[in-house]
Every structure is written in structure tokens, then in C-alpha cells.
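Here is the structure we will look at, set down as C-alpha cells.
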Amino acid sequence: MSNVELIEKINAVINNYNKYSLRGLRNALYSLISDIRTTVPQEIFEDFITNYDCVKNEMLYGGGDEDDEKLVKDDCKEAIDAVLEYLKTT
């Protein structure tokens, strides 16, 4: 996938971000992991995948607390924003 296509797909996730449940966010990002891994530096990818894993773990093991879910989603959004910022500068 080209950088332009990846940027478009990430923007689609960001544009619908508030509509996503944890499961929806996980599913939206899952198909992008491989392309993100091969496109961004290791440090940015590691931050992204750590936050992706937090979303997945909160979805699977969290107590359904709305505040916890919001914090996990917000942290993930920051990691997604970092990926997007890198892609826009390359």
C-alpha cells in the first residue's frame, strides 16, 4: 500500500473515531498494522502497537468502565496521530 493510501485509511479511522467502540477501533486498525510496520520507524510502530494492544486488552478484559475505555482510546489516537504525522512528512 502506498503512503497516500495508508494516509487515506488512517484519516478514515480518525474521522470515525468517536463512533467506534473498542472492538470497532481494533477492527479498523487491524488491517493497517502490517503497512504501518513497514512504513514508519520502529519507535513509532512500537508505540502504536502497544496502544493497539491496550485497546484489544481493554476490550477483552476491561470491566466496561466508560472512563477507562475513553482513556485507552485517547492514548491510541495519539499513537495513530504520530503515525499519520510521520507519513505526512515523508
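Just so you know, all these numbers are worked out from the coordinates, no wet-lab data involved. It should be emphasised that the depicted structure is a prediction, and the values quoted were computed from it without experimental measurement. Cβ: placed from backbone, ideal geometry, glycine included. Neighbour counts: every protein chain shown.
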Q | Estimated vicinal HN-Hα couplings, Hz - the stretch 77-90 in sequence order (Karplus 6.51, -1.76, 1.60; Gly, Pro = x) | A | 4, 4, 5, 5, 4, 5, 4, 4, 4, 4, 4, 6, 9, 9
Q | Residue-wise HN-Hα coupling along the stretch 26-38, computed from phi with Karplus coefficients 6.51, -1.76, 1.60 (Hz; x: Gly, Pro) | A | 4, 5, 5, 8, 3, 6, 9, 4, 4, 5, 5, 4, 8
Q: Would you kindly derive the ³J(HN,Hα) couplings of the stretch 8-14 from the backbone phi angles with the Karplus curve 6.51 cos²θ - 1.76 cosθ + 1.60 (θ = phi - 60°), listing them in order in whole Hz, with x for Gly and Pro?
A: 4, 5, 5, 4, 5, 5, 5
**Q.** Quarter of Cα convex hull surface for the stretch 3-89, i.e. mean projection, nm²
**A.** 5.0 nm²
Q.
About the Cα centre, and with charges only on the beta carbon of Lys, Arg (+1) and Asp, Glu (-1), how big is the dipole of the chain? Nearest 20 debye, please.
A. 420 debye
Q: Only helical DSSP H runs with n ≥ 4 go in: add -39500 (n - 2.57) per run for the chain, normalise by residue count and round the 222 nm mean residue ellipticity to 500 deg cm²/dmol.
A: -26500 deg cm²/dmol
(Q) If I take every Cα pair under 8 Å that is 6 or more residues apart in the chain, average their sequence separation and divide by the length, what percent do I get for the relative contact order? (A) 38 percent
